[in-house]
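Where a number appears in this text, it was derived from the coordinates with a stated rule and is not lab data. What you see is a predicted model; the values in this text were computed from it and never measured. Note that each Cβ is placed from the backbone with ideal geometry, even for glycine, and that neighbours are counted across all protein chains shown.
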Amino acid sequence: MRYVFLIVLAGAISAGCWTVQEADSSDAIDIDADSDLDIDSDSDTDSDTDTDSDSDSDTDSDSDTDTDTDTGPPSGSTWCWMVAPAGGGQLAVIQIDMDTGSWFEQGTYGAADSGITTSYHTAGIARMGDVLVMAGYTGNEFHWIELDMAADTLFEGNESQYTDSVGSDGTRLVTDCSELSSGPGCGLCFYDDFDAIDSANPSEMMSAGACNSRLCATTERVYTAWHSTNEVDVLDIDNGQQLYTIPLESWDDWIWGMSVVGDVLHLASGGIGGDRIARFDHETGDLIDDVFLGSTPYSHPPSGLWCEAY
């Protein structure tokens, strides 16, 4: 019987390869099984190595792409914002690369009934998040303007009386107090938001300050100046006391916006010096450079100024 079985098994092997495969996977001889395991092990190892290599490559590529897309302006650069009438009652916001003087239009805001005219200009801009606040000349007098870049809205508020400029310390709006007939006169007034400044309802008033039409602020200081001058006064934001005066080297022009970034005072002109932003040391007044804007298509030169470092 043993010989008969062997003969039958040999006939079955010669009949088709599927029988051999079945035998290898279940009833395989030990030598064949060891050989199969070695081959499978090598194959698995190669496959794992390839997979890890591809995975690392994909991860590096994604990381590089995200960094290029999400970082915004180059680190160490300063960018400034100004506004100009765009026609049809709209106000254009332009963003300026201070490394090159090149600019692009951030957007146009408002509608035909917004009150913005071709003679629109402002002496300063305060930025709080996506909202730009300014006292804008809309044809007859200065009015408070709230421009929300995220919501794509432009709102013209009440007349700003005698205040042409507004600054921000990052959380509050600040002006001189000549806005308030019942206030301390030429001091400093602080407002929590646009509604407060539009209704002349300050959260804090200081009697110390300066009667100047140009103003900007940082977390520690307030910078004030007259509309046409060769110097800027620097006040302590906590008490309004004057700290020192900055003599402006080679400046003989009007001021249509002020902003301080780090140790650099930025002044925007639009008069005899051309459309430029001059940069000075914020303590000595030494001229660092002049950044001239390329020509713009608007009916009135850009005005106001808000600058930030990235």
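At a glance:
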| item | result |
| --- | --- |
| Computed FRET value (nearest 0.05) for residue 152 with residue 236, which takes r as the C-beta separation and R₀ as 22 Å | 0.05 |
| In region 141-243, GluC sites (Glu not before Pro) in a DSSP loop with at most 14 other beta-carbon atoms within 10 Å | 141, 220 |
| Residue exposure sequence - 214, 279 - by fewest surrounding Cβ within 10 Å | 279, 214 |
| Equivalent ellipsoid, region 201-310 (semi-axes from 5 times Cα gyration tensor eigenvalues, Å) | 24, 16, 13 |
| Order of 282, 266 - criterion: other Cβ atoms within 10 Å of each residue's Cβ, fewest first | 282, 266 |
| Cβ-based charge dipole, region 78-309, positive-most Cα from 174, 147, 194 | 147 |
| Region 146-259 - Rg and Dmax from Cα coordinates, angstrom | 14.1, 41 |
| Chain lengthening between residue 245 and residue 195 when straightened (0.36 nm per residue, less Cα-Cα) | 14.7 nm |
| Residue exposure sequence - 292, 190, 280, 155 - by fewest surrounding Cβ within 10 Å | 292, 155, 190, 280 |
